[in-house]
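Enquirer: If you scroll down you'll find the structure; I have some questions about it.
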Amino acid sequence: MIILQNLQLSVIVPVYNAAGTLENCLTALENSTFQAFDLIVVDDGSVDNSAEIARTHNATVLSATGTKPQGPAAARNYGASHAKTDLLVFIDADCVVQPTTLAQFANYFSTHPHIAAVFGSYDDTPAAPNFISQYKNLTHHFTHQQSPTQVNTFWAGCGAIRRNWFEQIAGFNAHRYPHPAIEDIELGYRLSQAGGQIHLAKSIQVKHLKQWTLFSMLKSDIWDRALPWSKLLLTVKPQQYDLNLAIHQQLSALLFLSLPFITIFTLWLLPITMLIFLGLNNAYYRFMLRKRGILFALKCVPMQCAYFSYAITIYVWQKSRFILSKVDKQ
């Protein structure tokens, strides 16, 4: 591993009531093999002892401005404005880096001087043992691991960007995303459109500590992702379709769009539709089978059916509203 001797990182961790996971997150960063980094924790109005935990780890603790939480986009921007290095690394407070994660970031920028940003993925051993957490995190891991190296999106859970590029595109859009949403995806689109090259380094992985419930997953998938992402896609055309917008995922969603048109006279189309769906996603189910066994993989089928159903429903709804609003203005 070749690392420039004078290369330094600024690690920025946005925090909001993260006392339950922050200790593990910061301890892992302290145990990094690469030590040439500044640690900045931005407390976004926490009412727990997150700030006190951060101070015990010799972090620079910043308090986000405002009378109420401003969201992770604003917190990351605030941390970046106080960074003193040319490379900004963003780590979520519920993620645990590997000992070599920061070294991997440093090495990647050293050996790829042309790129603007790079990010990784969750690992395949999520901390929370319940089914929803395992399903959610393993799906994220699979999606990132199956994607091409060059992408046009970004992930702030474990991602890094050159400071000059970050400043050129004015960072995260905190005005548009005052709450956790797709602020990192939107930043990736703007960065790509500005000419910045973004890589997904599959070997850079972090452990996710969050315990998902069915309710929290649905809230995140629908309210924090599907709704804002659908709105974004109405006005921004990605330069390429990758990760969750890969072609096989789009085709899977379109299959479920056809289900309402299946009547009692065309029920024979239902098993054909499901066979096509399983064929499109066979690599995903083989991955789940290999990692967690047949029962786990079978339980993932209805979860994915539900996911594609509400994703395409929300997109069509937003698209319809968008078209009608344009008609009304004419």
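Enquirer: Return yes or no: is I198 assigned by TED's automatic domain parsing to the domain that holds Q104 and in contact with a Leu (Cβ under 8 Å, 6 or more places away or on another chain)?
Expert: Yes; evaluated as a whole, the condition is true for this residue.
Enquirer: Moving to a separate point now. Say we look at segment 273-300 and pick out the residues that are within 26 Å of W317 (Cα to Cα) and surrounded by fewer than 16 Cβ atoms within 10 Å (Cβ to Cβ); which of these is modelled with the highest pLDDT?
Expert: L278
Enquirer: Answer yes or no: is there a residue in segment 130-148 that is outside any helix (DSSP H, G or I) and charged (D, E, K, R).
Expert: no
Enquirer: Those residues that are over 13 Å from the mean Cα position of the chain (by Cα), closer than 20 Å to Q70 by Cβ and assigned to a loop (DSSP other than H, G, I, E, B), I need them from segment 149-189; list them, please.
Expert: I169, A170, G171, F172, N173, A174, H175, R176, Y177, P178, H179 - these are the residues of segment 149-189 that are over 13 Å from the mean Cα position of the chain (by Cα), closer than 20 Å to Q70 by Cβ and assigned to a loop (DSSP other than H, G, I, E, B).
Enquirer: Also, quick follow-up: Could you go through segment 192-211 and let me know if any residue there is surrounded by fewer than 19 Cβ atoms within 10 Å (Cβ to Cβ), in a helix (DSSP H, G or I) and touching a residue at least 60 places away in the same chain (Cβ under 8 Å).
Expert: Taking every residue of segment 192-211 in turn, none turns out to be surrounded by fewer than 19 Cβ atoms within 10 Å (Cβ to Cβ), in a helix (DSSP H, G or I) and touching a residue at least 60 places away in the same chain (Cβ under 8 Å).
Here is a yes/no grid of residues against (1) in contact with a helix residue (DSSP H, G or I) (Cβ under 9 Å, 6 or more places away or on another chain); (2) free of Cβ contacts under 8 Å to residues at least 60 places away in the same chain; (3) outside the structural domain of Y108 (by TED's automatic domain parsing):
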| residue | (1), (2), (3) |
| --- | --- |
| V15 | yes, no, no |
| T33 | yes, no, no |
| D38 | no, yes, no |
| G45 | no, yes, no |
| I53 | yes, yes, no |
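Let's see how each residue does on (1) assigned to a helix (DSSP H, G or I); (2) on the phi > 0 side of the Ramachandran plot; (3) within 22 Å of the chain's Cα centre (by Cα):
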residue	(1), (2), (3)
I12	no, no, yes
N17	no, yes, yes
T21	yes, no, yes
C25	yes, no, yes
A28	yes, no, yes
Q35	no, no, no
G45	no, yes, no
A51	yes, no, no
A54	yes, no, no
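Enquirer: Additional query: When residues of segment 59-89 are filtered for being part of a loop (DSSP other than H, G, I, E, B) and out of contact with any strand residue (DSSP E or B) (no Cβ under 7 Å at 6 or more places or on another chain), how many remain?
Expert: Within segment 59-89, residues that are part of a loop (DSSP other than H, G, I, E, B) and out of contact with any strand residue (DSSP E or B) (no Cβ under 7 Å at 6 or more places or on another chain) number 7.
Enquirer: Name the single residue that is surrounded by the most Cβ atoms within 10 Å (Cβ to Cβ) among those in segment 109-127 being more than 18 Å from S10 (Cα to Cα) and not polar (S, T, N, Q).
Expert: Y122
The values are calculated or read from the model by the stated rules, or taken from the named source; none is laboratory data. In this text the structure is predicted, and so the values were computed from the model without any measurement. Every residue, glycine as well, gets a Cβ built from its backbone with ideal geometry; the counts of neighbours run over all protein chains shown.
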